[in-house]
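Just below is one structure, and these are the notes that go with it.
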Amino acid sequence: MKKPKRGIYSPRMNRRLSSKRFRLLRTIRRKIQKGLIHIQASSNNTIITVSDFEGQVVSWDSAGTSRFKGPKKPTPYAAQTATRNAIYMLLKQGMKKAAIKINGAGPGRAAALKSVVHSGVKLSFIRDVTPLPHNGCRPPKRRRV
C-alpha cells in the first residue's frame, strides 16, 4: 500500500485568485533555486517572509492576512496556515533549498517551523535570531510606599 504523498497544495484563500480574471497565482516571474525564510513570531501575530539570498522578497504572508482575526490570530494553527500560503508561492517558483531565521517567542513559532519542514523544501540551517539583552537597561528605582 502506498503512503499518501504529503505536500503543500493550493491555499484555500487564493484559489479564486488563480482564475482568468485574477492572474496573481498563474504568473511565474522568475525561477529561484535557494531562498531564506524569515519567521517572526510575536505574541499577537506570526509573519512569514520568503526572500532570495540577495534580499528580494519572493512571497510573504501572516496570520492576519490569512483571514484570522482577534484571538485566533496568535494561535499555532493560524501560523501553520500562513506558512503554507507563503511556501506555496515559492514552491510554484521552483525553490528547492531554503534556510530559516526565526525571530521572537510567540505561540506560532513551532507550528510555522513544523509546516516548513513538512513542505518538502530542503533546509540548510535553522537559526534563532531573537534579540537577547546582555544585562539590558537599568530598571526603574524601587517604589516607596
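Averaging the sequence gap over all C-alpha pairs within less than 8 Å and six or more residues apart, then dividing by the number of residues, gives the stretch 25-132 a relative contact order of 31 percent. The solvent-accessible area of Met89, taken with every protein chain present and a 1.4 Å probe, is close to 40 Å².
Remark: accessible surface ordering of Leu90, Leu132, Leu123 (largest first) is Leu132, Leu123, Leu90, probe radius 1.4 Å. Just to confirm a number: summing +1 for Lys and Arg and -1 for Asp and Glu over residues other than Phe125 whose beta-carbon lies under 13 angstrom from that of Phe125, what do you get? Result for the local shell: +4. Legend: residues His134, His38, sorted from most to least accessible area (1.4 Å probe; ligands, DNA and RNA excluded), read His134, His38. For Ser66, the solvent-accessible surface computed with a 1.4 Å probe is close to 10 Å², ligands and nucleic acids excluded. Among residues other than Gly64 with Cβ under 13 Å from its Cβ, the summed charge is +3 (Lys and Arg +1, Asp and Glu -1).
Remark: accessible surface ordering of Arg109, Arg67, Arg142 (largest first) is Arg142, Arg67, Arg109, probe radius 1.4 Å. Greater than 24 Å separation of Cα atoms is the criterion. Which listed pairs, Lys34/Lys101; Lys73/Lys97; Lys92/Lys122, meet it? Correct reply: Lys73/Lys97.
The values are calculated or read from the model by the stated rules, or taken from the named source; none is laboratory data. Computed from a predicted model, the values in this text were never measured in an experiment. Note that we place each Cβ from the backbone using ideal geometry, even for glycine, and neighbour counts take in every protein chain shown. The area values use the complete protein model at the heavy-atom level, side chains included, leaving out ligands, DNA and RNA. Shrake-Rupley method; radii C 1.70, N 1.55, O 1.52, S 1.80 Å.
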